[in-house]
Amino acid sequence: MRNSRALAVSAAAVAAVGLAAPMAAAWNSPSNIVAMPSVIARGGQLTVTVDGCSRGGTMTSPAFRQARLKPLLGAHNETSSGTATINHDARPGSYDITVNCQGTGSLTRPAAFTVIGGTRGGLGGSSSTGATPTDMAIGGGLVAAAAAGGAVFWMRRRSEKHI
């Protein structure tokens with residue numbers, strides 16, 4: 001009787017340890033990737049935070065170059081964070097982020113953020129800013145025409161009063 005009781009207690013202990021081991025391993029692996037802002041323009045700064053990444057690591061995406069993750073001091077859930085700059089030639093759309101944490105594994109979050117794109121308005125979407133030499137010539141011509149028209153009008157009004 002004693003042997004069967006000891007065997008039952010040992011089996012229960014082994015089962016408890018066997019069930020707890022995967023949960024302990026999962027605690028030390030990356031579990032949550034947050035990208036802020038979730039919608040960003042090309043050339044913008046993206047901040048990525050990862051839980052369960054206690055020693056830092058790297059993050060990659062087709063929209064930015066590989067960037068480093070650094071551990072946050074005093075974080076209870078072993079969090080790391082990093083900043084990446086979105087490529088200027090990134091196409092608009094949703095992008096995944098893959099995180100590789102040192103010693104704890106990797107995790108990919110699909111559609112973690114969205115890159116938006118747009119065109120500049122005015123003059124057919126030209127990329128220049130400010131007045132161009134052509135704009136200055138047109139504006140100068142209009143001012144000269146207005147001044148000449150005003151002078152002609154003033155001269156006509158003046159000659160009518162003398163009659």
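The values are calculated or read from the model by the stated rules, or taken from the named source; none is laboratory data. Given the structure is predicted, the values throughout are model-derived calculations rather than measurements. For neighbour counting, all protein chains shown are included, and Cβ atoms are generated from backbone atoms with ideal geometry for every residue, glycine included. Surface areas here come from the heavy atoms of the whole protein model, side chains and all, with no ligands, DNA or RNA. Shrake-Rupley method; radii C 1.70, N 1.55, O 1.52, S 1.80 Å.
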- request: For region 60-98, enumerate the residues that are within 12 Å of residue 30 (Cβ to Cβ), touching a Lys or Arg at 6+ places or on another chain (Cβ under 8 Å) and aliphatic (A, V, I, L, M).
  value: 97
query: Within region 26-66, which residues are in contact with a His (Cβ under 6 Å, 6 or more places away or on another chain) and open to solvent by 50 Å² or more (accessible area, probe 1.4 Å)?
result: 42
Residues satisfying the stated conditions in region 67-84, i.e. among the β-branched types (Val, Ile, Thr) and open to solvent by less than 30 Å² (accessible area, probe 1.4 Å): 79
